[in-house]
1. Among the residues of the range 114-142, count how many are among the small types (Gly, Ala, Ser) and at pLDDT below 90.
2. Here are the criteria: (1) touching a Pro at 6+ places or on another chain (Cβ under 6 Å); (2) β-branched (Val, Ile, Thr); (3) at pLDDT 95 or above. Tell me which single one VAL111 does not satisfy.
3. Give me a count of the residues in the range 93-135 that are among the aromatic types (Phe, Trp, Tyr) and outside any strand (DSSP E or B).
4. Go through the residues of the range 193-201 one by one and say whether even a single one is exposed (fewer than 12 other Cβ atoms within 10 Å of the Cβ), at pLDDT below 95 and either of a type in the set (A, V, I, L, M) or in contact with a Lys or Arg (Cβ under 6 Å, 6 or more places away or on another chain) (or both).
5. Could you tell me which residue of the range 147-168 is surrounded by the most Cβ atoms within 10 Å (Cβ to Cβ), considering only residues that are among the polar types (S, T, N, Q) and out of contact with any strand residue (DSSP E or B) (no Cβ under 6 Å at 6 or more places or on another chain)?
6. Please enumerate the residues belonging to the range 169-184 that are hydrophobic (A, V, I, L, M, F, W, C), surrounded by 12 or more Cβ atoms within 10 Å (Cβ to Cβ) and in a loop (DSSP other than H, G, I, E, B).
7. What pairs come out if I take residues in the range 62-78 that are within 10 Å of ALA94 (Cα to Cα) and pair them with residues that are in a strand (DSSP E or B) and small (Gly, Ala, Ser) whose C-beta lies under 6 Å away, six or more apart or interchain?
8. Going by the conditions given, is ARG58 over 23 Å from THR178 (Cα atoms), out of contact with any Gly (no Cβ under 7 Å at 6 or more places or on another chain) and surrounded by 14 or more Cβ atoms within 10 Å (Cβ to Cβ)?
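The values are calculated or read from the model by the stated rules, or taken from the named source; none is laboratory data. Model, not experiment: these values are computed from the prediction. For neighbour counting, all protein chains shown are included, and Cβ atoms are generated from backbone atoms with ideal geometry for every residue, glycine included.
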Amino acid sequence: MTSKTYEICLEIAGPTAIWTRPDTGDSPGTYPAPTRSAAKGIFEAILWNPAVEIVPSRVEICAPLVYHHYATNYGGPLRKSGQVRGDNNYQLFATVLVNARYRLYATLNPVSRGDFPPKIRQWLERTRSPCHAFQEIFERRLKRGQCHYVPSLGWREFVPSYVGGLQTALHPTQADLTLSLPSMPDQVFCKPVYGEHALAYAQGLVIESGVLRYGAPHAE
């Protein structure tokens, strides 16, 4: 018998977004839609549980794509050693999206591991369907505006103006938008939780009628 599939979804919008293309070097450019790992991070910002894997399945683009040049003074650890010693920043230029809005969808899979933290093991003992329980808790937190950490539209400083339930009637999908994405990061870690860095790419993705479908995730 086929097990039931559980899905979660949300809508997110903000004045600025960047989904960094790794081939754009030190002047980052953006994909038109979030990568699968970025979408997963947005879902996990609302609720994270190592016993349930969130697998983003598709994203709907709900606002026109408007690209904009962006500059900021960077003072982080990736500066040259001389700049760090002198406490000097450098200007970082990027191409970002403005007034972005997306609807994200994901399926839930149980994670079969035996070394969960004690609180997670106790939680698993109290539920017969971890994915169903996760779905209900996620929807409740989304409705209340609760989060595990503040979600972002790419960079941490790009905080959203809206995160919540779907507003399909107010913000329809950009049905006239069709684009090809020859290559896009798909996986960052080798396992759903507690995995090591193992970047993998998806090839030949297409945004069709404003919808990007990520396809099957890479196998472990």
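1. Qualifying residue count for the region: 1.
2. Checking VAL111 against (1) touching a Pro at 6+ places or on another chain (Cβ under 6 Å); (2) β-branched (Val, Ile, Thr); (3) at pLDDT 95 or above, the one that fails is (3).
3. 3
4. No - not one qualifying residue is present in the range 193-201.
5. Among those residues, the one meeting the criterion is SER152.
6. Those that are hydrophobic (A, V, I, L, M, F, W, C), surrounded by 12 or more Cβ atoms within 10 Å (Cβ to Cβ) and in a loop (DSSP other than H, G, I, E, B): ALA175, LEU177.
7. TYR70/ALA94
8. The answer is no for ARG58.
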